[in-house]
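Peer 1: Quick one: structure below, then a few questions.
The values are calculated or read from the model by the stated rules, or taken from the named source; none is laboratory data. Everything numeric in this text was worked out from a predicted model, so none of it was measured. Here the Cβ positions follow ideal geometry from the backbone for every residue, glycine too, while neighbour counts run over all protein chains shown.
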Amino acid sequence: MTGMDAILQGGLQGYLVVAFLLFALGLATVLLRRTLLLQFMGVELMLNAANVALLAFARFRGGDAQAMVFYLFIIAVAACEAAVGLALVIGLFRHRDTTDSDRAAGLKQ
Amino acid sequence: MFITFALITLLGAVGMLLQKNVIVAGLCLVAAFFGVAGLFVLLANPVAAALQVIVYTGAIMVLVLFVIMMLNSHEEEKAQAAHPIQRWVSVALIAALAIGAVKLVLASPGLKALAISGAAVPQAMTLQKVGFTLFADHLLGFEVAGLLLLAAMVGAVALTKRNL
């Protein structure tokens with residue numbers, strides 16, 4: 001399987017292309033949207049793109065279990081990030097009554 | 001099958017990027033996460049697919065949707081100032097990154113060799129295999145992850161509590 005065929009049939013390249021496009025879409029969400037909650041979702045999407053690439057490589061290396069361990073660690077870090085990030089968004093909303101990242105550009109109120 | 005799940009994933013992500021309503025964007029992201037779980041099943045990894053659904057769509061996205069509804073910020077606020085140059089530069093950079101990465105993936109001979117040598121579908125990942133690897137080779141990392149989760153929990157409570 002090579003080239004276009006690999007993408008359509010689900011070869012290694014197909015999964016990597018999906019992972020890269022997911023990462024680009026997550027990055028676009030972080031850069032182009034202003035709502036902090038949406039930017040946060042973009043970060044989650046980028047973490048997921050890394051997971052797709054990791055597990056695709058593991059499958060094509062004969063079902064390597066090491067990748068699953070790293071996947072578990074990435075999930076743990078993503079869960080921590082979700083808890084702390086959302087707490088920060090709530091804190092910002094309490095202080096400035098906004099969830100717009102442009103309105104939270106300054107350190108002083 | 002692959003192309004179906006890939007399309008669900010990518011269309012969900014595009015929906016999140018373009019959607020005006022934050023809750024609908026969150027639900028688009030849920031669709032994208034389900035698509036990723038489907039990709040994990042195709043990668044002979046049902047454990048990862050189950051974890052994906054439980055942790056991402058079940059825990060993280062529910063938490064995000066709770067916060068959206070709690071803050072009552074369904075719509076994106078009006079822009080204070082338009083930043084057309086920054087926006088177009090970032091769009092161009094992201095497009096260049098995506099196109100460049102896809103081209104690199106398609107041109108790489110190493111990936112092609114790996115795709116051919118690993119084409120046979122391996123045995124499906126089992127919890128037993130994951131557990132052996134986790135507790136035999138990565139015990140310290142496991143403990144550190146537990147500590148990190150505890151610290152995040154304490155931090156989240158400390159950040160959201162009004163008067164500690």
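Peer 1: Given B:Val47, B:Val89, B:Val130, B:Val62, which one is in a helix (DSSP H, G or I), modelled with pLDDT of 85 or more, within 27 Å of A:Cys80 (Cα to Cα) and more than 7 Å from chain A (Cβ to nearest Cβ)?
Peer 2: On the way: B:Val47 fails: more than 7 Å from chain A (Cβ to nearest Cβ); B:Val89 fails: within 27 Å of A:Cys80 (Cα to Cα); B:Val130 fails: more than 7 Å from chain A (Cβ to nearest Cβ).
Only one candidate passes the filter, namely B:Val62.
Peer 1: Let me ask something additional. Output the number of the condition that B:Thr57 fails; it satisfies all remaining conditions of (1) surrounded by fewer than 17 Cβ atoms within 10 Å (Cβ to Cβ); (2) more than 10 Å from chain A (Cβ to nearest Cβ).
Peer 2: Going through the list (1) surrounded by fewer than 17 Cβ atoms within 10 Å (Cβ to Cβ); (2) more than 10 Å from chain A (Cβ to nearest Cβ), B:Thr57 breaks only (1).
Peer 1: Residues A:Ala83, A:Ala53, A:Ala6: which one is at the interface with chain B (Cβ under 7 Å from one of its Cβ atoms), modelled with pLDDT of 90 or more and either surrounded by 19 or more Cβ atoms within 10 Å (Cβ to Cβ) or more than 20 Å from B:Leu159 (Cα to Cα) (or both)? Write out each step before concluding.
Peer 2: Details: A:Ala53 fails: at the interface with chain B (Cβ under 7 Å from one of its Cβ atoms); A:Ala6 fails: modelled with pLDDT of 90 or more.
Exactly one of A:Ala83, A:Ala53, A:Ala6 is at the interface with chain B (Cβ under 7 Å from one of its Cβ atoms), modelled with pLDDT of 90 or more and either surrounded by 19 or more Cβ atoms within 10 Å (Cβ to Cβ) or more than 20 Å from B:Leu159 (Cα to Cα) (or both), namely A:Ala83.
Peer 1: Scan (1) out of contact with any Gly (no Cβ under 9 Å at 6 or more places or on another chain); (2) in contact (Cβ under 8 Å) with a residue 12 or more places away in the chain; (3) not in a helix (DSSP H, G or I) for the single condition B:Glu77 breaks and write down its number.
Peer 2: The number of the failed condition is (2).
Peer 1: Now for a different question. Name the single residue, out of those in the stretch A:27-37 being within 7 Å of chain B (Cβ to nearest Cβ) and part of a helix (DSSP H, G or I), that is nearest to B:Gly26 (Cα to Cα).
Peer 2: Residue satisfying both the conditions and the ranking: A:Leu37.
Peer 1: Working only within the stretch B:1-31, note down all residues that are facing another protein chain (nearest Cβ under 7 Å), of a type in the set (A, V, I, L, M, F, W, C) and under 30 Å from B:Glu77 (Cβ atoms).
Peer 2: Residues satisfying the conditions are B:Leu10, B:Ala13, B:Val14, B:Met16, B:Leu17, B:Val22, B:Ala25, B:Leu29.
Peer 1: Still on this structure, please answer the following. Among B:Gly110, B:Gly100, B:Gly118, which is the only one that is among the small types (Gly, Ala, Ser) and closer than 24 Å to A:Leu25 by Cβ?
Peer 2: B:Gly100
Peer 1: Scan A:Leu21, A:Leu107 and give me the residue that is under 24 Å from B:Gly100 (Cα atoms) and either touching a helix residue (DSSP H, G or I) at 6+ places or on another chain (Cβ under 7 Å) or not hydroxyl-bearing (Ser, Thr, Tyr) (or both). I'd like the intermediate steps shown before the answer.
Peer 2: Numbers: A:Leu107 fails: under 24 Å from B:Gly100 (Cα atoms).
That would be A:Leu21, the only listed residue that is under 24 Å from B:Gly100 (Cα atoms) and either touching a helix residue (DSSP H, G or I) at 6+ places or on another chain (Cβ under 7 Å) or not hydroxyl-bearing (Ser, Thr, Tyr) (or both).
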